[in-house]
1. Looking at B:E364, B:E399, can you tell me which residue is farther than 21 Å from B:H244 by Cα and either in a strand (DSSP E or B) or open to solvent by 10 Å² or more (accessible area, probe 1.4 Å) (or both)?
2. Residue by residue through segment B:51-79, note down the ones that are within 14 Å of chain A (Cβ to nearest Cβ) and assigned to a strand (DSSP E or B).
3. Scan A:P633, A:P616 and give me the residue that is assigned by TED's automatic domain parsing to the domain that holds A:V590, open to solvent by 30 Å² or more (accessible area, probe 1.4 Å), in contact with an Asp or Glu (Cβ under 9 Å, 6 or more places away or on another chain) and not charged (D, E, K, R).
4. Test A:D104 against the criterion of being touching a strand residue (DSSP E or B) at 6+ places or on another chain (Cβ under 8 Å), open to solvent by 20 Å² or more (accessible area, probe 1.4 Å) and not assigned by TED's automatic domain parsing to the domain that holds A:A26, and give yes or no.
5. If you scan segment B:271-285, which residues turn out to be open to solvent by 20 Å² or more (accessible area, probe 1.4 Å) and assigned to a loop (DSSP other than H, G, I, E, B)?
6. Which number in (1) surrounded by 15 or more Cβ atoms within 10 Å (Cβ to Cβ); (2) within 30 Å of A:N119 (Cβ to Cβ); (3) more than 14 Å from every other protein chain (Cβ to nearest Cβ); (4) not basic (K, R) marks the one condition that B:P341 misses?
7. Show the residue pairs that are 6+ apart or on different chains and have beta-carbon atoms under 7 Å apart, the first residue being within segment B:100-114 and more than 7 Å from chain A (Cβ to nearest Cβ), the second being open to solvent by 50 Å² or more (accessible area, probe 1.4 Å).
Protein chains: 2
Amino acid sequence: MEQSDGRARVIISGVKPEVDSGLFPAKAVVGEKVEVEADIFADGHDVITAMLLYRKERETEWTEAPMELTTNDRWKGSFLVIELGRYLYTVTAWIDRFKSWRKDFQKRVEAGQEDININLLVGANLIAEASGQASKVDSKTMQEWGKTLESSQTSQLDKVQLALSEEVAKLMDKYSDRQFAVTYPRELVVSVERVKARFSTWYEMFPRSCSNEPGRHGTFKDCEARLPYIAAMGFDVLYFPPIHPIGRTLRKGKNNAIKAAPDDPGTPWAIGAEEGGHKTIHPQLGTLEDFRHLVDKAKEYGIEIALDIAIQCSPDHPYVREHPAWFVRRPDGTIQYAENPPKKYQDIYPLNFESEHWHELWEEWKSVFLFWIEQGVRIFRVDNPHTKAFCFWQWLIAEVKKEYPDTIFLAEAFTRPKVMHQLAKLGFTQSYTYFAWRNTKEELTQYLTELTQSDVCEFYQPNFWPNTPDILTEYLQSGGRPAFMARLVLAATLASNYGIYGPPFELCVNTPREHGSEEYLDSEKYEIKHWDINRADSLKDFIVRVNQIRRENPALQSNQNLWFHAIDNGELICYSKHTEDLSNIILTVVNLNPHYTHSGWVHLPIEPWELDPQRPYQVHDLLSGARYLWHGPGNYVELNPSICPAHIFRIHRRIRREQDFDYYM
Amino acid sequence: MEQSDGRARVIISGVKPEVDSGLFPAKAVVGEKVEVEADIFADGHDVITAMLLYRKERETEWTEAPMELTTNDRWKGSFLVIELGRYLYTVTAWIDRFKSWRKDFQKRVEAGQEDININLLVGANLIAEASGQASKVDSKTMQEWGKTLESSQTSQLDKVQLALSEEVAKLMDKYSDRQFAVTYPRELVVSVERVKARFSTWYEMFPRSCSNEPGRHGTFKDCEARLPYIAAMGFDVLYFPPIHPIGRTLRKGKNNAIKAAPDDPGTPWAIGAEEGGHKTIHPQLGTLEDFRHLVDKAKEYGIEIALDIAIQCSPDHPYVREHPAWFVRRPDGTIQYAENPPKKYQDIYPLNFESEHWHELWEEWKSVFLFWIEQGVRIFRVDNPHTKAFCFWQWLIAEVKKEYPDTIFLAEAFTRPKVMHQLAKLGFTQSYTYFAWRNTKEELTQYLTELTQSDVCEFYQPNFWPNTPDILTEYLQSGGRPAFMARLVLAATLASNYGIYGPPFELCVNTPREHGSEEYLDSEKYEIKHWDINRADSLKDFIVRVNQIRRENPALQSNQNLWFHAIDNGELICYSKHTEDLSNIILTVVNLNPHYTHSGWVHLPIEPWELDPQRPYQVHDLLSGARYLWHGPGNYVELNPSICPAHIFRIHRRIRREQDFDYYM
């Protein structure tokens, strides 16, 4: 901080949230309180007044919110964000001469010091100075106070009472001298998105597998028929893999076979054919109008359609012909296909972000997003964003949000942690995570602590997926139905955003292509499937219950206040989430071993939860409906995975006892 | 990072050291390697080349040092600082197209791919492009390589060997295309000080108590006579409380009595009298010439004189008369004395850093420092810097160092942690700490971990004092001689900078003014003392030994690599320091209980220290001279505090055994 005046004595540093020295915005959703902290201090022992300044980006005037000293020179303030878009904030603080005087004066009085007339005069002088800055009315009041403090007619006791009165303090606050105020040199940004950015429940489904007759290619109409099923389960985002024409050249066959059979439909990620590219609908799914109809119909069920944008082309994509300069050309004149040497993906052409025509390329992809936005889509799952230039995403997301601030972008990047973090910093609303591969208590505790307690939570919003069309984990492969239930509960209660790839999830499909592979056998990526969603052993009803619990309990709708609790069994994990006012406390216990019953003693934070240690409290298992009376921090749980591997308890802080009834007197 | 070109794909973030987003310099000493780390990555899988750029501040050209990828996208590089003053550094990185090509090509070859001719052509093209940027000689070489790779006369094997040769790699490195290089947007600063900034051993002494006759006021001549004693103990900084004329108005008497007796000398911190102020020497100590003579004489003993600068005035200070505007005036026209209500310090006038004449005030205090620098002083202990404006210190230290970069400033601030950190960030070389009040194993471990393993170590260099004229801790009061020995060893081995206030320390003076007070009874602050430094029970010889160990063992001369080791007794603490090359490993074990013998099993990091787990190793107690054969990680120690409460072991990694001698064959 460069101070032009050597008398500006306050230091402001360590402001939070602040992502990469303010290079990137923090994240919030509409209706949330943005809590800002800073180290604020000065030399000596003077009293400081600190203000949080905030404004919507398009406004020019700051609004002020007072900050409060907590401990160790750390100050806190907050502001409510009520509008989509960007808010700016910073901090200003100054030595408050009147507050400093008042604090000292109070100590003198309390210590019974008698020679305080001179100190009263100092106070009177401060009031007189401030009155010069005051409104006419206030100025007059203040001048009279000054006179009273100086008057020999007033008793010392009366003077002391006046000098220390709240009335004087309030008006002196109003005209506090900010001549030497210091303002934090950076204006920080918080990007405010809609509530769904923080709380959403996703269902991924291949539209082509939705027909009710085996063998027939599903259509958007079939998808409409599936909506009641999806809505009943409690999902509010329905996400489709790419819905565009699929390339024919070098098309992959079943189980990723190098050569496709004539009737193989190909993978939806090999985008582009004669019929068109990323702005075209695969003809067998229906028309653009069908799509729009589906989008509208889904809305009626409280469901938003999310699309997958995969920036890559099949060799048949119109771009290849129309914009050859957007691809890397090899010395033999052919276009470079995707490779991860020695592996070759000859059916996919990557775009060249180092093309001289990069700007044209960027504009085209922006137009793809805008095209689907115009069809009513506001949620995009972006395929492999980590293999496209970072600065492209930063630009694209900002451009789209300028016009459509309600757009949500989910980054499908399974790569190194810093790359995943960077995409979130650049603007992706939500991010895929390593959740699928975190199975033990230690792994889950460590990972969730990083995601929710470290600075990462300022910009990174996890979306937990127990499975995806690419990921059938060993845990699900080997653990059967109880494993699916456990992973569902973990995803749904640990992360406020989660999703499943169905129907394979609810049908507990768990056969891998081969031992050691995470690919599904006969994967839907390469063929049309027909799923019997009405199978008796479907997890549908369990999912209904879990998602209902999420909707009814605000504690589960954010990742704040996630708290792991000790439990004396390595196979059991125990954690809670609570709302700030403790009106909703949800305690989850999961048996991570899908094969055996495990039991243990939980150790709960009775005091922070404001539970009476002398009285029992009720825990209500929202999964089974059972209610238990617990007492004190230590309580027993036992989970048989073949029945249900989890408890999701709501903690009731108050239970009735005899005194609460009329007959007790 | 604003990228003007969308093709610049590298991200550089999380650079360390970087204090407060680069607002303040990191610290180093001459001859040290400054290690710089950064997160560096790009989208996709291309290979990155990263360079650390550094230069002395007055130079305009960067020097480059290659950085290396360690793990998790973290890169490291380093540069040697060989000159006092400020060095700048930053990081630049780019996608290295040839390295990327080479990595992929190598994988193709390793996988036995046969259709690699086209890839050879891609490589040839890259070489041809680079040759356009090369020197004449290099360009010719490169063009020939290009031709060879394209030639149908050369065998594929020869082409592969050429393409992957170190020769080609080296020249392609030299002309690597940096067109889309990204440079970290901040130029960071490291402030390089002399070695004593990091490794110094202080002795605080009141010159007026140095005469060899009881009752006579000590002089600088007496101090000269004391030099051999101080040098023999191994101290290299001799620090004096203020040596200026002492005020007479409201002078404090013995034990801080409000009224001084006529012959009471007053406290040296009540600076200024008729005879002069901060640029004048108290007449009873001698003349300015005597002082300069002492400075020179001390140098002969390897000792530097450090002075105490306390920015405050007695009511008799010439400034009060000559510059009344530098003080706060009360409504009755009197000058405001120091207060911490309800306490009053009427013998001390603080300076007013909010004076309208603040700039004049700053200049005057700068002239005070420069005055003593001109007398040969280069080390200042600054009294209560936290009660003067921060921006003043930042300015003052920068101003002084511009001309005298070898000046060392020690901040005597015992206040809240963030205030102490701020002073270090602003430029104070060394800082007092909370060490005096950290006595238990847990307290010491936690505090030292914060000081040496967190970001704090980038700017904060602790100086550990077991006692000062203001601080006689309860531990020393109650623990007797073993407590003094334990605290000495802790200070001397935990911190590369430490000091004691003598002779009270070596004479184990430990009577407080009253129960519950940390003040010395009959404190030297208010009277002239006569110390019998030749007392048989003096710790002198022990101090000689400890300081000799510090001088002879480079591991103890910095705070890097401080490592706490498990020991199964809460009263014993065990830690080590080692040089980077492991040539010097010092293991310290201290019994923190000064009353009882304690024993326990240490657990040592055999593997990181590269000790053979199959063979014994020797530990040499540098305090007692004893040598022990240890084996493996677990070893027994026992410390009787009445003999010596500590071991300071040197670990010898190699001991001889039968095979090492001629007769074994």
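The values are calculated or read from the model by the stated rules, or taken from the named source; none is laboratory data. Since the structure is predicted, the reported quantities are computational estimates derived from the model, not experimental observations. Because the Cβ atoms are built from the backbone with ideal geometry, glycine has one as well, and the counts that use them run over all protein chains shown. Areas reflect the complete protein model, heavy atoms only, side chains present, ligands, DNA and RNA absent. Shrake-Rupley method; radii C 1.70, N 1.55, O 1.52, S 1.80 Å.
1. B:E399
2. Residues satisfying the conditions are B:L69, B:R74, B:W75.
3. A:P633
4. Criteria met by A:D104.
5. The answer is B:E274, B:E275, B:K279, B:T280, B:H282.
6. Every condition holds for B:P341 apart from (3).
7. B:S100/B:D46
So that you can scan it fast, the table gives a plain yes or no per residue for (1) open to solvent by 10 Å² or more (accessible area, probe 1.4 Å); (2) closer than 20 Å to A:N510 by Cβ; (3) among the polar types (S, T, N, Q); (4) not in a strand (DSSP E or B):
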| position | (1), (2), (3), (4) |
| --- | --- |
| A:L410 | no, no, no, no |
| A:K418 | yes, no, no, yes |
| A:H421 | yes, no, no, yes |
| A:A436 | no, yes, no, yes |
| A:P466 | no, yes, no, yes |
